[in-house]
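> Sharing a structure below in structure tokens format, with a few things to ask.
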Amino acid sequence: MADTNFDVIIVGGGPGGYVAAIRAAQLGMKTALVEREHLGGICLNWGCIPTKALLRTSEIYHYATHGNAFGLKIEGVSVDLPAVVKRSRGIAKQLNSGVGHLLKKNKVTVFDGAGKLNGGSAGARKLKVEKDGKSVAELTGKHIILATGARARVLPGLEPDGKLVWTYKEAMVPEAMPKSLLVVGSGAIGMEFASFYSDLGADVTVVEVLDRVLPVEDEEISAFAHKQFEKQGIKIHTKAKVSELKRGKDNVTATIEADGKKTSLTVDRVILAVGIVGNVEDLGLEGTKVEVDRAHVVIDKWAQTKEPGVYAIGDLAGPPWLAHKASHEGVICIEKIAGVKDVHPLDTGNIPGCTYCRPQVASVGMTEAAAKKAGHKVKVGRFPFIGNGKAIALGEPEGMIKTVFDEKTGELLGAHMVGAEVTELIQGYGIARTLETTEAELMHTVFAHPTLSEMMHESVLDAYGRAIHF
Amino acid sequence: MPVKILMPALSPTMTEGTLAKWMVAEGDEVGSGDVIAEIETDKATMEVEAVEEGRVGKLLVAEGTEGVKVNDTIALLLEDGEDESALEGAADSAPAPAAEKPAPAAAPDDKPATPAPGAKPAPAAAPVAKADGDRVFASPLARRMAEQAGLDLSGVKGSGPNGRIVKADVEAALAGGVAPAASAAPAPAASPAPKATASAEGFEPDFDFEPASGMRKVIAQRLTESKQTVPHFYLTVDCQIDNLLALRKDLNSRSDEYKLSVNDLIIKASGVALRKVPAANASWTGDGVKLYRSADISVAVAIEGGLITPVIRNAAGKGLETISNEMKELAAKARDGKLQPEEYQGGTFSISNLGMFGVKQFDAVINPPQGAILAVGAGEQRPVVNDGALGIATVMSVTLSVDHRAVDGAVGAEFLAAFKKLIEDPMTMLL
């Protein structure tokens, strides 16, 4: 009989849960991880990673079909969809088993099943592990961390069916290439799929209920990206909503409402990307003090729920719904439990956000509008890709880097980017924000030439009227 | 432009010193590293070396000048090719004396552990340093914000990684009433706290809320630390002070140059008693006991918004007149908020006197890291038994609070016996 007493039990093996488990083990805690489906969670199996694999394919396809721009004659390029999907799945599988090895190496005991709180009291919480409706283990933990993640939000009338109306999951494993596609929602997930299918030749329409695409980003960045998407042939309806989906045999007719007018659009497939809801069900929260608000578990700054000894991290605990937020939250939660010195609560203002559509979008900190709303007098710097030698050499002259500083203190309030490879650039500003640098240190930093990162320097200089190359 | 030679700071707390001696004359050629002057502070005499080479153009401060402010221009050095005409006007643009950094009240060492009562601006663009020479770790943003607000970071506690001071700490310090000073004038006085009338919740009666001033926070923090971490014990003796009162009257009648108070005599007696019982002049460090060689007496002075403890250095070695005049000056400076850090830091023993309020006897809280504090009650006529006969005497009760980690009961008692003897037979203070 396996040991059933643990210092910490983590329910959910996604990027929040498995990272927390490894950190707990590193700190010498006896750690168990309960996972009902596959280690690595959505991120690694059905989210971040496999979509990046797909987007790499569409990116290369884009270059291959635009070879003449680079002096190449490339002929006969075509998409082998099953192979594209197979590559994506293979990468997910590889990382999934990688997580298994990491957990084993760190001596984390993994239980296959769904975890459910089952009484006990602070210091000795009970957790039941069920598989296919049968109880497979009864565990006791001093601390239990819930990290069960989230799933796609469903709007009434637009329920996905897995065949004609997809969520991210079906969209990731298409059997055939849809000729036309409707994407509902223009957040990160929606725009990444829009880019992927559009670049591979589908006729893509995006409907967004708010007034702009990528609505969490800075307005200028949204507007810039919007233009680029349209240039690529993606049709975008903002301030619009899909009120009805009529499912045909192999197509769907959507009713789109905008400005009080209804239009209909027939497409092969529909992808729903209208947000997510936390997986708060079947966790045994009933009868505990754990509070749930709008499908998310309520926590304090140390990820503690209202029930002593029960914690929640990641998507389950609310926005921003990002894998790296979940991981970091998990580490903080564990370190706080372990009494590690110098643990700091998560500063959500320092969490970068990345969208891997084409062009890529990345940001950290406050948008210009948010900064002004918060009462800052701001200095704003902008630098276009067209002013950067490396961008031109790459054949990527479309994009911009925008920085927002507090006029008085020189605090870097936010940085916003759109263009090639900006998802790799944003971390420079993330470090700057965490170290609380001002414009002065950024100006003093020597950026390598020729790199795209030089634009980060120029944008800062521009905020103070000192840009060199534009 | 001639090179300005500035009055150097020989210690982090030094604000002024005496230019004891010039080692060069006008017209002398000096090289880098040559000794050009000797500077004296209350603690030491130090040589000043030239950092650049040139010809001494003008000595602006005469030998023996006291109270030369740190960073005042004391001489001008002519560079190659410059003649005396270059000197004109050069001295006028001398920089203003740099502001001194604040430090917490009554810390017998120089380490500021807590925000000072009232912050003063740090010298602009200087690397922020704690008074003990340690670097202050602060984010660039925190430094910028502190500079703009005139906040000295050496008194701010950092909450970032490894105690680094971050934006949030500066915001908290500014919000917490560590008032930025507009001028370089030292101002250890409490900033006037706005009163707020708050409606009480529940059954709590209405109240006025005064946000804590910097000084209030220092008092709260240090005395909480003292009562919670220092194992106090208390020893009380009664002293007959008729002889002392007579001596005081006699001495005061001889001159108008001074007016001794009973407290001045108590300061002197404490200093002498500590010299007689040096084991009581002690401080617990965590891994040992510091035995101070000099009895530097911190005297609690009530000021608006709190209290502060100016220090009479080497009380045993000073005459009563000196002690009395120093005490008057320090108390006045304390009330005006003009005490310099070295004037209220670094005592080895404290006295708190509430006799003037008619308090008969009380127990004072030790002022860490000192080892003891003497609480002095009122001198009042009481029935006493002397040599088997009932009589009336003026009696003053004093209570010594002692840190048992540094000073044991017998040593404390020995000190009190020596003190009582000096007070009751005050002529022996002369011995």
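> Scan region A:372-450 for trypsin sites (Lys or Arg not before Pro) in coil per DSSP, keeping those whose Cβ has at most 11 other Cβ atoms within 10 Å, and list them by number.
Working: sites: A:372, A:373, A:377, A:379, A:382, A:390, A:402, A:408, A:433; in loops: A:377, A:408.
Those that pass, being in a loop and sparsely packed, are A:377.
> Next question, about the same structure. Please state the relative contact order of region A:151-241 as a whole percent: Cα pairs under 8 Å, 6+ residues apart?
Taking the mean separation of contacting Cα pairs over the length of region A:151-241, I get 24 percent.
> Give the residues of region A:1-36 whose amide nitrogen is closer than 16 Å to a point set 7 Å from the Cα of residue A:104 in the direction of its Cβ.
Zone members listed by number: A:33.
> Ranked by Cβ crowding within 10 angstrom, fewest neighbours first, how are A:469, A:101 ordered?
The order, fewest Cβ neighbours first, is A:101, A:469.
> Something else about it: Which residues' amide hydrogens lie under 5 Å from the amide hydrogen of residue A:311, considering only partners 5 or more residues apart or on another chain, with H built in the peptide plane?
Amide H neighbours of residue A:311, under 5 Å, 5+ apart: A:144, A:145, A:146, A:305.
> Let me ask something else. Scan around residue A:118 for amide H atoms under 5 Å from its own, H built in the peptide plane at 1.01 Å from N, and keep only partners 5 or more places away or cross-chain.
A:126, A:127, A:128
> Averaged across B:141-150, how many Cβ atoms of other chains sit within 10 Å of each residue's Cβ atom?
4
> Also: Just the number, please: percent antiparallel of the DSSP beta bridges in the protein assembly as shown, rounded to the nearest 5.
Around 75 percent of the beta bridges assigned by DSSP in the protein assembly as shown are antiparallel ones.
> Under 19 Å from a label point 7 Å along Cα→Cβ of residue A:264: give me every residue in region A:160-185 with its amide N that close.
So the set is A:164-165, A:180-183.
> Related question: Taking R0 as 22 Å, what FRET efficiency do you get between residue A:293 and residue A:348 from their Cβ-Cβ distance, rounded to the nearest 0.05?
With a Förster radius of 22 Å, E is 0.85.
> Taking only Cα atoms, what is the 0 to 90° angle, nearest 10, from helix A:17-26's long axis to the longest principal axis of chain A?
60
> Pop out the ³J(HN,Hα) list for region B:64-81 in order, Karplus 6.51 cos²θ - 1.76 cosθ + 1.60 with θ = phi - 60°, rounded to Hz; leave Gly and Pro as x.
x, 6, 8, x, 6, 6, 4, 6, 5, 6, 10, 7, 10, 10, 8, 8, 2, x
> Relative contact order for chain A: what is it in percent, counting Cα pairs under 8 Å that are at least 6 residues apart?
About 14 percent, as a whole number.
> Tell me the label-point distance for the pair residue B:417, residue A:230, using the 7 Å Cα-to-Cβ offset, in nm and rounded to one decimal.
Taking the two extended label points, one gets 9.9 nm.
> Kindly state, to the nearest 0.05, the FRET efficiency for residue A:282 paired with residue B:233, given R0 = 51 Å and r defined as their beta-carbon distance.
So, using R0 = 51 Å, E works out to roughly 0.25.
> Okay, next question. Hey, what number do you get for chain A at 222 nm if only DSSP H runs of n ≥ 4 count, each worth -39500 (n - 2.57), divided across all residues, to the nearest 500?
Helix-only estimate at 222 nm: -9500 deg cm²/dmol.
> So what are the ³J(HN,Hα) numbers for region A:193-204, from phi and the Karplus equation (6.51, -1.76, 1.60; θ = phi - 60°), rounded to whole Hz, Gly and Pro as x?
Here the 3J(HN,Hα) series is 5, 4, 4, 4, 6, 5, 5, 8, x, 6, 8, 10 Hz.
> Between helix A:48-65 and chain A, what is the angle of the helix's C-alpha long axis to the longest principal axis, kept within 0 to 90° and rounded to the nearest 10?
20
> At residue B:85 and residue B:243, where each label point lies 7 Å from the Cα along Cα→Cβ, what is the point-to-point distance in nanometres?
7.7
> Across 20 Å bins from 0, what is the distribution of all Cα-Cα pair distances for the protein assembly as shown, in whole percents?
Histogram of Cα-Cα distances, whole percents per bin: 12, 30, 29, 20, 9, 1, 0.
> Check cross-link reach from residue A:372 to the lysines: straight Cα distance under 23 Å, and skip same-chain residues fewer than eight apart.
Qualifying lysines at Cα under 23 Å: A:402, A:408, B:167.
> Evaluate peptide B:156-169: per residue, the Cβ atoms of other protein chains within 10 Å of its Cβ; return the mean as an integer.
Averaged over the peptide's residues, the number is 2.
> Among A:323, A:334, A:361, which residue has its Cα furthest toward the positive end of the charge dipole of region A:314-361, with +1 on Lys/Arg Cβ and -1 on Asp/Glu Cβ?
A:361
> Continuing with the same structure: Cα-based Rg (one decimal) and Dmax (whole number) for region A:162-271, in Å?
In order Rg, Dmax, the Cα atoms of region A:162-271 give 13.2, 41 Å.
> Separation between the residue A:87 and residue A:470 pseudo-spin-labels, each 7 Å from Cα along Cα→Cβ, expressed in nm?
3.3
> Filter the cross-link list B:69/B:290; A:169/A:289; A:169/A:325; B:157/B:338; B:227/B:249; A:86/A:179 down to pairs whose alpha-carbon distance in this structure exceeds 29 Å.
Exceeds cut-off: B:69/B:290; A:169/A:289; B:227/B:249.
> Full extension from residue A:407 to residue A:246: what is 0.36 nm times the residue separation minus their Cα-Cα distance, to one decimal in nm?
52.7 nm
> Using r as the Cβ-Cβ distance of residue B:250 and residue B:307, and R0 as 41 Å, what FRET efficiency do you calculate, to the nearest 0.05?
E(calc), rounded to 0.05, equals 0.80.
> Under the rule of at least 5 residues apart or a separate chain, name every residue whose amide H is placed under 5 Å from the amide H of residue A:276.
Amide H neighbours of residue A:276, under 5 Å, 5+ apart: A:153.
> Here is a further query. Please give the net charge around residue A:314, taking every other residue with its beta carbon less than 9 angstrom from that of residue A:314, where Lys and Arg add +1 and Asp and Glu add -1.
-1
> If you fit an axis through the alpha-carbon atoms of helix A:81-105 and take the longest principal axis of the Cα set of chain A, what angle between them do you get, 0 to 90°, nearest 10?
Compared with the principal axis, the helix lies near 40 degrees.
> Taking the Cα of residue B:135, stepping 7 Å toward and past its beta carbon, and measuring to each backbone N in region B:146-172: which are under 15 Å?
The answer is B:162-165, whose backbone nitrogens lie closer than 15 Å to the label point.
Every number here is computed from the coordinates shown, using simple stated rules; none is lab data. All figures in this text were calculated on a predicted structure; none of them were measured in a lab. All Cβ positions, even for glycine, are placed from backbone atoms using ideal geometry, and neighbour counts span all protein chains on display.
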